[in-house]
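Peer 1: Attaching a single structure in structure tokens format; questions to follow.
The values are calculated or read from the model by the stated rules, or taken from the named source; none is laboratory data. Please read these numbers as outputs of a predicted model, since none were measured by experiment. Every residue, glycine as well, gets a Cβ built from its backbone with ideal geometry; the counts of neighbours run over all protein chains shown. The area values use the complete protein model at the heavy-atom level, side chains included, leaving out ligands, DNA and RNA. Shrake-Rupley method; radii C 1.70, N 1.55, O 1.52, S 1.80 Å.
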Amino acid sequence: FAYAIRNLEYDLWCEDRGHTNAYGAYLIICTFFATIFGLSATRLGPWRLDAADASALANAADKVLLENI
């Protein structure tokens, strides 16, 4: 989340600031996928997001988990 917050223009939180919105939930899904399977999160479909948004979030997860950024 820290990488995405610093480097992407997405708000990852609902209005209550205690729960993730669709962007934050997708980033969590990408993080778990890359961690568990050791594969790029870009393999995942866009879920309920625009394809470009899903790709940006998946790439952020990959950078942190697979490229150790």
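Peer 1: Roughly how much of I5 is accessible, in Å² to the nearest 10, using a 1.4 Å probe?
Peer 2: Estimated to the nearest 10 Å², I5 gives 100 Å².
Peer 1: Would you pull out the residues with amide H under 5 Å of W13's amide H, same chain only if 5 or more places away, H placed 1.01 Å from N?
Peer 2: N21
Peer 1: Hey, what's the chain come to in accessible area per residue, 1.4 Å probe, Å²? Before the final figure, lay out the partial values.
Peer 2: Numbers: 4400 Å² over 69 residues.
Value returned for the chain: 64 Å² of accessible area per residue.
Peer 1: Let me have the 222 nm mean residue ellipticity of the chain computed from DSSP H runs of 4+ only, each contributing -39500 (n - 2.57), with the sum over all residues rounded to the nearest 500. Show your work: numbers first, answer last.
Peer 2: Details: 3 runs with 37 residues, N = 69.
The helix contribution divided over the chain gives -17000 deg cm²/dmol.
Peer 1: Leaving out ligands, DNA and RNA, what percent of the accessible area of the chain is carbon and sulfur, probe 1.4 Å? Before the final figure, lay out each step's value.
Peer 2: On the way: 2450 of 4400 Å².
C and S fraction of accessible area: 56 percent.
Peer 1: For the chain, which longest stretch is free of loop sites, where a loop site is one of the chymotrypsin sites (Phe, Trp or Tyr not before Pro) that DSSP puts outside H, G, I, E and B and that has at most 15 other Cβ atoms within 10 Å? Walk me through the numbers before you get to the answer.
Peer 2: On the way: sites that count: F1, W47.
After excluding every exposed loop site, the longest remaining stretch is 2-46.
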